[in-house]
Amino acid sequence: MPAGGFVVGDGQKAYPGKLTPFVLFTCVVAAMGGLIFGYDIGISGGVTSMPSFLRRFFPSVYRKQQEDATTNQYCQYDSPTLTLFTSSLYLAALVSSLVASTVTRKFGRRLSMLFGGILFCAGALINGFAKHVWMLIVGRILLGFGIGFANQSVPLYLSEMAPYKYRGALNIGFQLSITIGILVAEVLNYFFAKIKGGWGWRLSLGGAVVPALIITLGSLVLPDTPNSMIERGQHEEAKTKLRRIRGVDDVSQEFDDLVAASKESQSIEHPWTNLLRRKYRPHLTMAIMIPFFQQLTGINVIMFYAPVLFNTIGFTTDASLMSAVVTGSVNVAATLVSIYGVDKWGRRFLFLEGGTQMLICQAVVAACIGAKFGVDGTPGELPKWYAIVVVTFICIYVAGFAWSWGPLGWLVPSEIFPLEIRSAAQSITVSVNMIFTFIIAQIFLTMLCHLKFGLFLVFAFFVVVMSIFVYIFLPETKGIPIEEMGQVWRSHWYWSRFMEDGEYGNGLEMGKSSNQGTKRV
Ligand code: BGC
């Protein structure tokens with residue numbers, strides 16, 4: 001199932017081309033794709049902690065919240081409809097990303113982006129004007145459909161447009177824009193919650209229309225990628241476009257390789273069954289385990305429910321929203337650290353350092369909440385120093401995630417899959433991510449009610465498991481060209497047993513063929 005393509009250099013083959021303004025423009029569009037995703041992640045927690053919003057749509061939660069602090073605080077937000085408001089989006093995104101992969105392949109990346117933008121605008125408007133709970137949920141589902149289309153097409157578009165030398169940085173750039181989207185949403189929630197009359201939540205939810213319009217308009221003015229044009233038989237137009245994108249006349253080498261790669265990937269008839277072959281066992285394992293573990297760090301508990309969580313541990317609405325802004329800023333800043341360090345310190349170092357940092361913080365937060373709230377969830381008066389300690393450790397936890405599992409959870413899968421399974425394996429990674437995002441969003445508030453402070457220990461347990469997994473099973477991929485990735489499995493103490501000689505299939509073998517240096521996703 002060919003779904004796109006990009007080019008990598010192998011040291012011997014370097015395609016001519018510069019970072020043209022044209023390519024920069026595509027980066028901005030990609031950033032918008034990340035922004036709408038991030039905006040949604042960040043907006044729901046703030047909105048669901050606004051009393052006026054709760055009173056209107058979730059009166060039973062509102063009543064529980066108004067009861068005094070002598071009742072069980074762990075359970076004040078436990079409402080399946082409330083969590084459905086947050087989580088429905090991810091289920092919809094999962095479904096639509098499967099549909100989007102066909103649209104993206106058959107009709108081009110632009111059309112998927114356009115669909116994404118339009119669906120997203122519709123969802124934002126329905127949410128902004130919502131009068132009933134069902135309107136909120138329908139709006140979230142439309143936003144989810146939009147995200148499915150955008151997240152499928154924008155990263156592909158970016159990979160195909162980017163000169164190979166800049167692809168790595170652009171990859172984490174996408175994650176950076178997700179974190180910026182989250183932060184913008186949190187800042188807006190903070191200010192909109194102060195609007196007298198209590199209708200600020202309409203602006204928060206409806207505000208998503210702004211990034212949505214940008215990506216809609218962007219998709220109308222952008223050209224389709226040369227890869228996609230070749231895939232649809234428009235060879236001459238593709239060559240002209242490639243010259244313009246790269247800013248040089250001599251693009252024949254890259255063009256020939258794109259055509260060869262397109263033929264190659266179209267000849268693969270059954271990418272899904274292919275993926276089940278023994279030699280792809282390490283790839284399949286990583287495609288499933290990396291997104292699974294990324295979500296089991298518990299990060300989205302903070303991203304979705306930080307204000308609700310801070311409220312639960314005794315902050316006022318205003319202080320809760322402000323604390324969410326603080327964690328959101330730490331998220332952005334720490335992602336920059338990752339962009340700086342990922343190719344210097346390596347993936348394994350960041351994974352293991354980030355894991356240790358998250359583990360310590362989860363233990364401290366569990367201890368703090370356990371000490372004050374006990375098992376019955378009745379804290380009494382909470383001193384200021386207590387709030388500061390909790391927020392500080394949550395920030396250190398977020399930083400640990402943002403320079404490890406956050407960006408690497410997307411980067412590592414995208415760089416380890418060989419050509420012939422790349423598209424199928426990538427779909428698995430995206431789907432597993434969305435399923436577990438959905439599950440965590442859906443059950444967190446119920447889990448908090450039942451597991452109490454122990455919930456943080458559950459996530460801490462998974463952080464230990466995932467760190468051991470990385471230590472034992474994940475080879476370092478820093479500085480290795482994609483087409484030579486086979487060597488990391490062949491020299492690995494465990495995975496080498498799945499690699500039969502000459503059977504690896506992508507890189508080295510292909511690297512020696514006439515398509516050397518060309519890969520398709
Ligand atoms: C994850 C999201 C998460 C975000 C936080 C992403 O890599 O996939 O689930 O909300 O990082 O910054």
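The values are calculated or read from the model by the stated rules, or taken from the named source; none is laboratory data. This is a predicted model, so every value here is computed, not measured. Every residue, glycine among them, receives a Cβ derived from its backbone with ideal geometry; neighbour counts consider all protein chains shown.
Quick look at the values:
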quantity: Members of region 466-501 that are in contact with a helix residue (DSSP H, G or I) (Cβ under 8 Å, 6 or more places away or on another chain) and within 30 Å of V364 (Cα to Cα); calculated: M466, S467, F469, V470, Y471, F473, L474
quantity: Residues being modelled with pLDDT of 85 or more and part of a loop (DSSP other than H, G, I, E, B) - total across region 331-384; calculated: 1
quantity: Of residues in region 336-347 being surrounded by fewer than 17 Cβ atoms within 10 Å (Cβ to Cβ) and not aromatic (F, W, Y), the one farthest from the ligand (Cβ to nearest atom); calculated: K344
quantity: Single match in V301, V308, V325 (criterion: in a helix (DSSP H, G or I), modelled with pLDDT of 85 or more and within 16 Å of the ligand (Cβ to nearest atom)); calculated: V325
quantity: F293 being among the hydrophobic types (A, V, I, L, M, F, W, C), away from the ligand (no atom under 15 Å from the Cβ), in contact (Cβ under 8 Å) with a residue 40 or more places away in the chain and within 22 Å of A460 (Cα to Cα); calculated: no
quantity: Selected residue (only one of Y386, Y397, Y494 is over 16 Å from the mean Cα position of the chain (by Cα) and crowded, with 24+ Cβ neighbours inside 10 Å); calculated: Y397
quantity: Test result for G355, among the small types (G, A, S) and away from the ligand (no atom under 14 Å from the Cβ); calculated: yes
quantity: Selection status of A333, under 29 Å from I178 (Cα atoms), surrounded by 23 or more Cβ atoms within 10 Å (Cβ to Cβ) and within 16 Å of the ligand (Cβ to nearest atom); calculated: no
quantity: Residue match in region 241-258 (condition: surrounded by 15 or more Cβ atoms within 10 Å (Cβ to Cβ) and hydroxyl-bearing (S, T, Y)); calculated: no
quantity: Every pair of residues 6+ apart whose Cβ atoms lie under 9 Å, when the first sits in region 142-160 and is within 26 Å of R244 (Cβ to Cβ) and at pLDDT 80 or above while the second is of a type outside the set (G, A, S) and outside any helix (DSSP H, G or I); calculated: none
quantity: Any hit, region 276-287, residues being in contact (Cβ under 8 Å) with a residue 12 or more places away in the chain and within 16 Å of the ligand (Cβ to nearest atom); calculated: yes
quantity: Residue within region 434-443 that is in a helix (DSSP H, G or I), farther than 19 Å from G409 by Cβ and either at pLDDT 80 or above or under 24 Å from the mean Cα position of the chain (by Cα) (or both) present; calculated: yes
quantity: Residues being buried (at least 23 other Cβ atoms within 10 Å of the Cβ) and assigned to a loop (DSSP other than H, G, I, E, B) - total across region 285-298; calculated: 1
quantity: Single residue of F417, F461, F401, F444 found to be within 16 Å of the ligand (Cβ to nearest atom) and either without any contact (Cβ under 8 Å) to a residue 40 or more places away in the chain or closer than 29 Å to Y280 by Cβ (or both); calculated: F401
